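Engineer: This structure is in structure tokens; I'll ask about it shortly.
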Amino acid sequence: MAFKATLFVFLSVAAVAIVLVPMAEAQLGLISGLLGLIRIQGTLFCTPNGNVGTGGATATPVFSNATVQLLCGTAGNVISTVTTNGSGIFSILLDPLQFLLNSLLSDCKLLVRTPLSACNSSLSGLTGLLSSPLQFIGNTIAGLLSIVNIIPVGFNLINN
Ligand SMILES: *[C@@H]1O[C@H](CO)[C@@H](O)[C@H](O)[C@H]1NC(C)=O
Ligand SMILES: *[C@@H]1O[C@H](CO)[C@@H](O)[C@H](O)[C@H]1NC(C)=O
Ligand SMILES: *[C@@H]1O[C@H](CO)[C@@H](O)[C@H](O)[C@H]1NC(C)=O
């Protein structure tokens, strides 16, 4: 009898633990989803180095429909793949619970998979792909959301 009671208590505690752990995780995920966000955003230009020209942003053609990837680690794992819009703007959103700012900045980079010739055939002689390290420029608050803003340091052609 005592054994049965002990077993019952044990099973009850185990059942509560099984139910509670995923709930706590789900709630944490929800809270971070509502309250925090890492945003990597930038504009890709259709120039030999992908950066804004000397005439400024309005005078420089943009590189739209380009595939931009976030790669991390020495193996270059693909974390995210996005496409630049009609304004050449790309935006990658990450969960701050899954990424540490310092390791993002030190271990990750942007890589443009679409060659420059796609936006201007005169640039087809330039081999390689555009790539940029990342930099943190500050936090902004949008309602309940705290956004960690990261931008490209500047693009360069690299041989991938
Ligand atoms: C980008 O892609 C859209 C949809 O595929 C297409 O309509 C548009 O012409 C493309 N723009 C450029 C500049 O390639
Ligand atoms: C591109 O995305 C930016 C940021 O979301 C937005 O402000 C801009 O209007 C978009 N441009 C086009 C052509 O959709
Ligand atoms: C294409 O690239 C060439 C060489 O950089 C440049 O002179 C030309 O203005 C570009 N054309 C367009 C439409 O951006």
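Any read-out appearing in this document is the output of simple, stated calculations on the displayed coordinates, not a laboratory observation. Remember, it's a predicted structure, so these values are computed and weren't measured experimentally. Cβ atoms come from the backbone with ideal geometry, glycine included; neighbour counts cover every protein chain shown.
Engineer: Label points 7 Å out from Cα along the Cβ direction at residue 97 and residue 160: separation in nm?
Structural biologist: My value for the distance between the label points is 3.1 nm.
Engineer: Simple spin-label model, 7 Å along Cα-to-Cβ: residue 141 to residue 107 in nm?
Structural biologist: It is 3.1 nm.
Engineer: For Cα pairs less than 8 Å apart in space and 6+ apart in sequence, what is the mean separation divided by the residue count of region 36-158, i.e. the relative contact order in percent? Each step should come with its number before you reach the end.
Structural biologist: Numbers: 276 pairs, mean separation 36.9, N = 123.
Relative contact order of region 36-158: 30 percent.
Engineer: Just for the Cα atoms in region 63-160, what are the lengths along the principal axes, largest first, rounded to whole Å?
Structural biologist: So the extents along the principal axes, rounded to whole Å, are 46, 31, 19.
Engineer: Now, a different point. Which ³J(HN,Hα) values, rounded to whole Hz and listed in residue order, are derived for region 100-108 from phi using the Karplus coefficients 6.51, -1.76 and 1.60 in 6.51 cos²θ - 1.76 cosθ + 1.60 with θ = phi - 60°, glycine and proline given as x?
Structural biologist: 8, 3, 4, 6, 4, 5, 8, 10, 10
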